[in-house]
Amino acid sequence: MVIISGSSGRVSWRVRVPEFSGAPVAAEVNKRVRAAVAGPIQRARREGRRDHGIKRRLDGEGTVVTNDGRTVQVRVIYGDYLSGTAHPADYVTTTVVDVARRRPITLDQVFAHPTAAYGELRGQILAAAGEQSSTIDRSGLSATAANWANWQSDRTGMVFTFADGQLGSRGLRQYAVPWSAVGPLLTGYATRVLAPR
């Protein structure tokens, strides 16, 4: 693990992320994870300029979700703490890198027809939410890549993580969609690198 820390004015940050070494893809994964961390840090700094001198602290912790020889996937969860508030704002970033190609995998490479896929996934998320689906703000599930940007895959399917407030309630929400539902939506490339063998 490596710690990315610093401060700017009344804003400070400390984010622990995995650091990869040895494999040819390691430098690319490290670069992509650091780039993902840079976004929330920039957001905290930008918002901090409007905080009237109140202290703000961004903490984050990264986890390797998948490292199966085909992809390396890292999820980083953040808490953005503004002094005097009742609870932090929670954020998430995800990174998925193709080991053989040494490049990130983006949603337009994952789904054959992204807009249609997002519509199908919306129904799957609402079904997975069960009784809680009535409290979900549907605009957070609309067919835009930004709404679906935080994703990972594992042996059971694809997992989507939604930011604090994205679905209308406080805290992160995470839902898994099984391969039986996701599989028909994938490109051939995504099936080869993401789906279970």
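Just the projected area, averaged over all directions, of the convex hull on the alpha carbon atoms of the chain: how many nm²?
Values: hull surface 46.2 nm².
Mean shadow area of the hull around the Cα atoms is 11.5 nm².
Using Cα-Cα distances under 8 Å and only pairs 6 or more residues apart, what relative contact order does the range 137-197 have, in percent? Write out the running numbers ahead of the final one.
Values: 75 pairs, mean separation 17.8, N = 61.
Relative contact order comes out at 29 percent.
Which one, A117, T63, S8, projects farthest toward the positive side of the charge dipole computed for the chain from Cβ point charges (K/R +1, D/E -1)?
S8
Run the numbers on the chain and let me know its relative contact order in percent, using alpha-carbon pairs under 8 Å that are six or more apart. Each step should come with its number before you reach the end.
Values: 357 pairs, mean separation 31.6, N = 197.
Averaging sequence separation for qualifying contacts and normalising by length gives 16 percent for the chain.
Looking at the chain as a GNM with Cα springs under 10 Å, which of A44, A116, A86 has the largest mean-square fluctuation?
Judging by the Gaussian network model, the answer is A86.
Treating only the Cβ atoms of Lys and Arg (+1) and Asp and Glu (-1) as charged, compute the dipole magnitude of the range 53-171 about its Cα centre; round to the nearest 20 debye. Walk me through the intermediate numbers first.
Numbers: 12 positive and 12 negative charges, 60 e Å.
Once rounded to the nearest 20, the dipole reads 280 debye.
Can you give me the % of accessible surface on the chain that is carbon or sulfur? Probe 1.4 Å, all protein chains present, nothing else counted.
On the way: 4860 of 9800 Å².
Using a 1.4 Å probe with all protein chains present, the chain comes out at 50 percent carbon and sulfur.
Kindly express, to the nearest 10 degrees and within the range 0 to 90, the angle between helix 114-129's C-alpha long axis and the longest C-alpha principal axis of the chain.
Approximately 80 degrees, to the nearest ten.
From Cα pairs below 8 angstrom and at least 6 apart in sequence, can you work out the relative contact order of the range 89-197, rounded to a whole percent?
On the way: 157 pairs, mean separation 33.6, N = 109.
Reported as a whole number, the value is 31 percent.
Among V92, V11, V33, which one shows the highest mean-square fluctuation when the chain is modelled as a Gaussian network with alpha-carbon springs under 10 Å?
V11
Any idea which of T94, P196, G39 is furthest toward the positive side of the dipole for the chain, if Lys and Arg beta-carbons carry +1 and Asp and Glu beta-carbons -1?
Checked the options; the winner is G39.
The values are calculated or read from the model by the stated rules, or taken from the named source; none is laboratory data. Predicted model, so just to flag it, every value in this text is computed and none were measured. Cβ sites come from the backbone with ideal geometry, for glycine too, and all protein chains shown count toward neighbours. Side chains included, ligands, DNA and RNA excluded: accessible areas come from the protein's heavy atoms. Shrake-Rupley method; radii C 1.70, N 1.55, O 1.52, S 1.80 Å.
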